[in-house]
Amino acid sequence: MRILLLLAFSLFTFNTFADDGYRLWLKYDRIQNETLRKNYSQKLSTIHINYNDETSKVTLLEIEKAATGLLKIKPQIIQNSTQAKLVLKLGKIENANPEAFEIKTLNKQIIISGNTSKGILYGVFEMIRRMQTSESLENLKITSAPKIQLRMLNHWDNNNGTIERGYAGMSLWKWYELPERIDTRYIEYARANASIGINGTVLNNVNASARFITPEYLGKVKALADVFRPYGIKVFLSVNFASPKILGGLKTADPLDPEVSQWWKNKVDEVYKLIPDFGGFVVKANSEGEPGPMDFGRTHKDGANMMAEALAPHKGLIIWRAFVYNFDPKGDRFAAAYNEFKKFDGEFLPNIIIQVKNGPIDFQVREPISPLFGAMEKTPVSMEFQLTQEYLGWATHWVYEGPMFEEVLKTDTYAKGKGSTVAKVIEGEVFKYPITSMIGVANTGSDRNWTGHPMAQANWYTLGRLAWNPEMTSAKIADEWVKMTFHTDAKSTETIKKIMLESREIYTNYTNPLGVHHVMGESHHFGPEPWVEKAPRPDWTALYYHKADSLGIGFDRTEKGSNSLAQYHSGLKDLYSDIDKIQPEFLLWFHHAPWRMKLSTGRTVWDEMVSRYYEGAKAVEQMQADWASVKGKVDQETFENVEARLKTQRKEALWWRDASVLYFQKFNKMPVAAPYQKPSRTFEEVKQIVDVYHVR
Ligand code: BDP
């Protein structure tokens, strides 16, 4: 009886919980609109293809999958090219970009063509997207080419299966099963990435274990590279700079030591023998305790060039990270990367790209841009965004990152006068970079829905779309994603988009208003801890950044302070230098503002902060109400999942609000002004909450 009951219960659960999020935005559920479905079905009924390689196979499979799902038809492959409704045609197209595609209607046929089979695969995904988003397939005349060459995910995955800053389970890569067993998930991963144009993946953590380049692991990496290749995805590895010592038994890893450079050359040859199209190495050197050339009195330039030389014969790349900051008691961490790299501009070998985090500190919810974006004229710099929500509430806060990425990409560096936006810099337009790249630190894991928070899938999707075209708007991308993911009615689509597009500002308001930054829990980076005054390094405390005292709050980066603002070109610097003119959202990034100073909003600094903390926390209630309105319009399992997470988010937003307000009041002794009411709990009570989350 008990078993029967259990069975009945599980069947029941199975029925109500239909969508577990595994299929991401490639759901391919039957299109409800009959007219559209018939129209598309007719256009996909027969296919002709003029090439045959491993990519053509997965391309056809994808069309078949989409057609059986969306249209409930099985397209027929036919030999006669003039009779086919859909033609996939490999051949020279006008746009010379190897990944470009054209989709054109000619004599009632849809012709998808490209210079390579990979370009055609992207074209096919574009056609599928059009069907998923109810766009017309009539009179098509589309040409599209990626504006960035390397569009990548960086996985911060360790060989023991854990993920640094991962909130969606364990690593996707089952190292212990590889190379023999290929989990089908690797294929789903490749499909998802190809559908948004992602063409590279760095498999392992930047805090790299040297094991990844041992013969044992290289065999496993090769197995993954073989799975990803048909989908146009190249594999990269993060490497440990001290590998010649750790693995090779050498006495040193000094980049100028001939034995060391020979060791790397041999290692690289070994890699390419196994994986001829291997992408290259990512290196985090002399940063947060990782080994690097400075351990031997050398420079980043020496280290990067030595490794680049080993990779050059194979056309491999060195992606050298600019995330370096040594504590300088008189310095400002904001300025560290620029100070370290600007001086070497033009001295790096041509197969090196400097990977720069979007902001000068560390993936905060709002940062001004890293000054390096306008500074490196002769050395390509690339964009590193973080998809995993290390500082954005992990997997319990719904934060759509599109608007944040868009804000960064639209920022004008003024490097070559007005219009030198970050997007144009990383597209290689401003300084004519030969290599261009945009990466996202992945938010994927072994959770069934890949990203923990179901809505965080959108951040992965957005990275791919923006890397293809950094000038796309987040509103457009959100529109696509919602339609592809939810297949819901127009009103619910708008509601979900509204929540998404507001969510980043809401999170900013209840955690980091007016440019407060780096006030999260120490080391685990969750929740508020603005009171952290002691840490293994002063620049890991919160106090270092907010500098609250009885007079005011904020980090003075003007001439009177650290003068880090001088690293920007004048157009951008001017936007931030004047405390009376700066946009309030960036105020405390650059100024130590008096608590009682009046802002353009009509409120004092303190009242404005209070208002944002309270309005931000309250806005989560609005998110909940908006989400409640889509009940029955989206899958029930997803609905309940998001509903539950929003409850937690609401609780944690109040925690952030109360902790921040009560803490900063200790300095300014100012009240919480009406219409807001002071927190009902004491500072001590709020401070206690942190201990629940502490992993230490
Ligand atoms: C910081 C993370 C740390 C990473 C580091 C990096 O806290 O876990 O290793 O970035 O990007 O934000 O190297």
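Coordinate-derived values only; no laboratory data. Worth saying up front: this structure is predicted, and the values here are computed from it rather than measured. Every residue, glycine among them, receives a Cβ derived from its backbone with ideal geometry; neighbour counts consider all protein chains shown.
Here the gap between K108 and E135, fully extended at 0.36 nm per residue and compared with their Cα-Cα distance, gives a gain of 8.0 nm. Is region 508-694 best put as rounded, prolate or oblate by its Cα gyration tensor, with a ≥ b ≥ c the root eigenvalues, rounded for a/c under 1.5, and otherwise prolate when a/b is larger than b/c, oblate when not? It is prolate, given that a/c is not under 1.5 and a/b is the larger ratio. In a simple Cβ point-charge model (Lys, Arg +1; Asp, Glu -1; nothing else charged), region 571-696 has a dipole of about 400 debye relative to its Cα centre. Centre-to-centre, using Cα atoms only, region 624-696 and region 480-549 are separated by 12 Å.
Pairs spanning more than 19 Å between alpha-carbon atoms, out of K43/K476; K234/K315; K38/K65; K74/K476; K72/K476; K43/K92: K43/K476; K74/K476; K72/K476; K43/K92. Close amide H partners of A593, meaning residues 5 or more places away or on another chain with modelled amide H under 5 Å apart, are I553, G554. Using a cutoff of 8 angstrom between alpha carbon atoms and counting only pairs six or more residues apart, the relative contact order for region 565-696 works out to 17 percent. The label-point distance for E640 and Q262, in a model that sets each label 7 Å from Cα toward Cβ, rounds to 6.5 nm. Computed on region 31-144, with alpha-carbon pairs under 8 angstrom and 6+ residues apart, the relative contact order is 26 percent.
With no solvent and one point per C-alpha, what does the Debye sum give as log10 I(q)/I(0) for region 612-664 at q = 0.17, 0.19, 0.28 Å⁻¹? Scattering profile of region 612-664, log10 relative to I(0): -0.55, -0.63, -1.00. Computed from the C-beta positions of K687 and S570, the FRET efficiency with R₀ = 51 Å rounds to 0.75. For the chain, DSSP calls about 30 percent of its internal beta bridges antiparallel.
From helices alone, the chain scores -12000 deg cm²/dmol at 222 nm; the rule is -39500 (n - 2.57) for each run of n ≥ 4 DSSP H residues, then divide by the residue total. With a ≥ b ≥ c taken as the square roots of the eigenvalues of the C-alpha gyration tensor of the chain, please select rounded if a/c is under 1.5 and otherwise prolate if a/b is larger than b/c or oblate if it is not? Since a/c reaches 1.5 but b/c is at least a/b, the shape of the chain is classed as oblate. Taking the DSSP bridge list for region 20-156 and keeping only pairs wholly inside it, about 50 percent are antiparallel. In a fully extended conformation the segment linking E471 and N50 would gain 148.2 nm over its present Cα-Cα distance, using 0.36 nm per residue. Derived scalar couplings between HN and Hα for region 284-295 equal 9, 10, 6, 9, 6, x, 6, x, x, x, 5, 5 Hz in order, rounded to whole Hz, by the Karplus curve 6.51 cos²θ - 1.76 cosθ + 1.60 (θ = phi - 60°), x for Gly and Pro. Applied to region 504-509, the Karplus parametrisation 6.51 cos²θ - 1.76 cosθ + 1.60 on θ = phi - 60° returns per-residue 3J(HN,Hα) values of 5, 5, 4, 4, 4, 4 Hz, with x for Gly and Pro. If both residues of a DSSP beta bridge must be in region 150-486, then about 5% of such bridges are antiparallel. Subtracting the Cα-Cα distance of D183 and K342 from their residue separation scaled by 0.36 nm leaves 52.9 nm. Considering only alpha-carbon pairs that sit under 8 angstrom and 6 or more positions apart, the relative contact order computed for the chain is 11 percent. Ranking V227, A242, S209 by how far each Cα lies toward the positive end of the dipole of region 204-267 (charges on Cβ) leaves V227 at the top. For region 510-526, 3J(HN,Hα) computed residue by residue from phi via the Karplus equation (6.51, -1.76, 1.60; θ = phi - 60°) reads 7, 10, 9, x, 6, x, 4, 8, 6, 10, 8, x, 5, 6, 7, 6, 10 Hz, glycine and proline entered as x. Amide H to amide H, with H built 1.01 Å from N, T604 comes under 5 Å of L599, counting only residues 5 or more places away or on other chains. Here the residues T462, T379, T473, ranked from fewest to most Cβ neighbours within 10 Å of their Cβ, fall in the order T473, T379, T462. For T46, the residues whose modelled amide H falls within less than 5 Å of its own, excluding neighbours fewer than 5 places apart on the same chain, are Q76, K85, L86.
Specify which residue in the list L587, Q567, G554 is farthest towards the positive end of the charge dipole of region 543-588, using unit charges on the beta carbon of Lys, Arg (+1) and Asp, Glu (-1), about the Cα centre. Going by the charge dipole, the pick is Q567.
Only lysines eight or more places from K560 in sequence, or on another chain, were considered; those with a Cα closer than 20 Å are K330, K547, K573, K581. If you look at the Cα atoms of region 31-144, you get an Rg and a Dmax of 12.9, 38 Å.
Taking a ≥ b ≥ c as the square roots of the eigenvalues of the Cα gyration tensor, an a/c ratio of 1.5 or more together with a/b larger than b/c marks region 260-394 as prolate. Peptides 353-360, 27-34 ordered by packing proxy, namely the average of other Cβ atoms within 10 Å per residue, highest first: 353-360, 27-34.
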